[in-house]
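J.: Here it is: the structure, laid out below.
The values are calculated or read from the model by the stated rules, or taken from the named source; none is laboratory data. Note that the coordinates shown come from a computational prediction; the quantities given were computed from them, not determined experimentally. Cβ atoms come from the backbone with ideal geometry, glycine included; neighbour counts cover every protein chain shown. These accessible areas exclude ligands, DNA and RNA; they are computed on the full protein's heavy atoms, side chains included. Shrake-Rupley method; radii C 1.70, N 1.55, O 1.52, S 1.80 Å.
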Amino acid sequence: MRIARVVACGVAVVAAGLIAGVSRPAAAPLANAPACPVFPATNVWNKPVDGLPVAANSDTMVNAIGRNTGMHPDFGSYAGYGIPITIVPGAQKKVKVSFTWPRESNAGPYPIPANPKIEAGSDRHMILADKDHCRLYELFAAKHTSKGWHAGSGAIWDMRSDALRPDGWTSADAAGLPILPGLVRGSEVNAGVIDHALRFTVPHTCAGHIYPARHDAGSGSCAVLPPMGMRVRLKASFDLSQLSPQARVIGQALKTYGMILADNGSAWYVSGYSSSVFDDDDLRTLNRITGDDLEVVDTSGLVNG
């Protein structure tokens, strides 16, 4: 994740498209926090996009990311891979966190336990879910120092609310979005259904963002590079039978809900919470999905609520 100058994206995908008003349940709750929704059913993370039109700039955006590049699951069976989640009780003691970018961070305090799970690598995301108050706490570049906890940026979310961050604010993610609702979880794959959009990364983004993103971390024109918040789905024509069972569940989610561009990274990397339930050989068949099998969705008019 890179913090960059914030520029509101002036590029809009054309043609409005709205999903018919249907009562839908919220995404499946976390296994260890069953009383908390992973955001309301009315949140764009939880709204299907299989009925929306293709964006006019779809070919340009797919070419910019990689038409012949295969998809990659950025998670698996190894516990040190992927973005971990730490469930905490409401009584967990909260601590002060200092920030590199305090102006765009929620001051906290944050309910960090003695041994929280932190993502390996340079991003060092820490995701904390308060199971009693349904509050989500996310930190980027979290590190414990001699002076206490420090992070690049931090965000606090009410998991029962559709509220967005102020436009122009980052979060623990470059796009200013929550990370948790876009993660593939083992419990969902075991159940055979993922009922929300996924989070993905690309190498280069433009100096702009579109709804629901609130922040950008790229450079260049949005006419040739994708903006943060862009939503992509797997084409309806893609034959899911060529995927192994676990990858097939993810493929169906990509057809129905798609994935939201949330950070700079490798092309078509899909984020998840690693778990022993995953079969890595199975997940690798996602590589059979290339950019040529994907399309950008026209999400103009698709909003929370």
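J.: Per residue, how many Å² of accessible area does region 91-211 show with a 1.4 Å probe?
T.: Working: 4850 Å² over 121 residues.
Dividing the accessible area of region 91-211 by its residue count gives 40 Å².
J.: May I ask you to evaluate 6.51 cos²θ - 1.76 cosθ + 1.60, the Karplus curve with θ = phi - 60°, for each residue of region 259-270 and list the ³J(HN,Hα) values in order in whole Hz, giving x for glycine and proline?
T.: 9, 10, 6, 10, 6, 8, x, 7, 5, 6, 7, 9
J.: Sum up the charges of everything whose Cβ sits under 14 Å from the Cβ of residue 275, counting Lys and Arg as +1 and Asp and Glu as -1, but leave residue 275 out. Don't skip to the end; give the middle numbers.
T.: Numbers: positive: 117, 185; negative: 74, 188, 279, 280, 282.
Local charge sum for residue 275: -3.
J.: If you don't mind, another one. Quick one: pull the percent of accessible area on the chain belonging to carbon and sulfur, 1.4 Å probe, ligands and nucleic acids left out. Please list the in-between numbers first.
T.: Working: 6370 of 12210 Å².
Carbon and sulfur together cover 52 percent of it.
J.: Work out from phi, with θ = phi - 60° and the Karplus expression 6.51 cos²θ - 1.76 cosθ + 1.60, the ³J(HN,Hα) of each residue of region 214-225, listed in order in whole Hz, and give x for Gly and Pro.
T.: 10, 8, 10, 8, x, 8, x, 7, 6, 6, 10, 10
J.: Out of 271, 290, 122, whose Cα points farthest toward the positive end of the dipole of the chain (charges: +1 Lys, Arg; -1 Asp, Glu; placed on Cβ)?
T.: 122
J.: Determine the sum of side-chain charges near residue 132: Lys and Arg each +1, Asp and Glu each -1, restricted to other residues whose C-beta is under 15 angstrom from that of residue 132. Please list the in-between numbers first.
T.: On the way: positive: 93, 94, 131, 135, 160; negative: 130, 158.
That sum, taken over residues with Cβ under 15 Å, equals +3.
J.: Taking the Cα centre as origin and putting +1 on Lys and Arg beta-carbons and -1 on Asp and Glu beta-carbons, what dipole magnitude results for region 146-262, to the nearest 20 debye? Write out the running numbers ahead of the final one.
T.: Numbers: 11 positive and 8 negative charges, 27 e Å.
My answer is approximately 120 debye.
J.: Sort 207-216, 56-65 for me by packing, meaning the mean count of neighbouring Cβ atoms within 10 Å per residue, highest on top.
T.: Details: 207-216: 24.4, 56-65: 18.0.
Sorting 207-216, 56-65 by mean packing, highest first, produces 207-216, 56-65.
J.: List the residues, sorted by chain then number, that are 5 or more residues from residue 95 or on another chain and whose placed amide H is less than 5 Å from its amide H.
T.: Result for residue 95 returns 110, 112.
J.: So what is the calculated 222 nm ellipticity per residue for the chain, using -39500 (n - 2.57) for each DSSP H run with n of 4 or more, over all residues, to the nearest 500 deg cm²/dmol?
T.: Working: 4 runs with 30 residues, N = 305.
So the calculated ellipticity at 222 nm is -2500 deg cm²/dmol.
J.: Same structure, new question: Choose one of 87, 211, 64: the residue whose Cα lies farthest towards the positive end of the charge dipole of the chain (beta-carbon charges +1 Lys, Arg; -1 Asp, Glu; about the Cα centre).
T.: Working it through, the farthest residue towards the positive pole turns out to be 87.
J.: Among [x] -0.45, -0.55, -0.79; [y] -0.40, -0.49, -0.73; [z] -0.65, -0.76, -0.94, which is the computed log10 I(q)/I(0) by the Debye sum over Cα atoms at q = 0.09, 0.10, 0.12 Å⁻¹?
T.: So the structure-derived entry is [y].
J.: Now for a separate question. Could you tally up the Lys pairs in the chain with alpha carbons closer than 22 Å? Skip any pair fewer than 8 positions apart unless they're on separate chains.
T.: 18
J.: Here's something else I'd like to know. How much net charge surrounds residue 83 when only the other residues with a Cβ under 15 Å from the Cβ of residue 83 are counted, with Lys and Arg +1 and Asp and Glu -1?
T.: Numbers: positive: 117, 124, 185, 199; negative: 74, 119, 123, 138, 173, 188, 263.
Cβ neighbours under 15 Å give a net charge of -3.
J.: Which far-off residues, 5 or more places away or on another chain, put their amide H under 5 Å from the one on residue 88, with H placed in the peptide plane?
T.: 129, 130, 131
J.: Residue 206's amide H: which non-local residues (gap 5+, or another chain) put their own amide H closer than 5 Å, with H modeled 1.01 Å from N in plane and none for Pro or chain starts?
T.: For residue 206, whose amide H was placed from the backbone, the distant partners under 5 Å are 228.
J.: Place a point 7 Å from the Cα of residue 31 along the Cα-to-Cβ direction; which residues of region 225-260 have their backbone N under 16 Å from it?
T.: Answer for region 225-260: 246.
J.: Could you give the angle, 0 to 90 degrees to the nearest 10, between helix 245-256's Cα long axis and the longest principal axis of the Cα atoms of the chain?
T.: With both axes taken from Cα atoms, the answer is about 80 degrees.
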